[in-house]
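Worksheet: the structure to be examined is printed underneath.
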Amino acid sequence: MVRSKWRKTGLADQLHTTLVAPRPEPLTVLLVDTTHPRVQALYETRGYRKVGEQQPFADSPLYAVMVRGLPGVQTV
């Protein structure tokens with residue numbers, strides 16, 4: 001989350017890129033609450049795709065499991 005003062009400035013995208021760029025893994029995986037379709041759509045514009053759903057605990061929300069290949073890393 002980004003504080004309201006910094007929203008719509010591109011900061012969230014910069015933070016995300018900075019966090020995942022140095023990672024050696026071939027994929028980035030994230031969970032998005034399925035009751036927030038706009039958040040899921042936002043991540044889809046950033047190259048993520050939904051591959052399933054998961055409810056990690058009985059009292060947790062249902063999450064969309066989203067994955068994206070990292071730039072410069074070849075996947076098999």
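The values are calculated or read from the model by the stated rules, or taken from the named source; none is laboratory data. Predicted, not measured: the structure shown is a model, and the values here were computed from it. As a convention, Cβ positions derive from the backbone with ideal geometry for all residues, glycine included, and neighbour counts pool all protein chains shown.
Return the residues of the range 17-45 that are among the acidic types (Asp, Glu) and either within 16 Å of MET1 (Cβ to Cβ) or in contact with a helix residue (DSSP H, G or I) (Cβ under 8 Å, 6 or more places away or on another chain) (or both); say none if nothing qualifies.
Within the range 17-45, just ASP33 meets the criteria.
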Tell me yes or no: at least one residue of the range 46-58 is part of a helix (DSSP H, G or I), closer than 19 Å to MET1 by Cα and modelled with pLDDT of 90 or more. no
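Looking at the range 30-45, which of the residues that are polar (S, T, N, Q) and at pLDDT 95 or above is nearest to HIS16 (Cα to Cα)?
The residue in question is GLN40.
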Whether any residue in the range 5-16 is closer than 15 Å to GLY69 by Cα and at pLDDT below 90 is what I want to check. yes
Pair list, Cβ under 6 Å, 6 or more apart: the range 16-41 residue among the aliphatic types (A, V, I, L, M), other residue modelled with pLDDT of 95 or more and in a helix (DSSP H, G or I): VAL32/GLN40
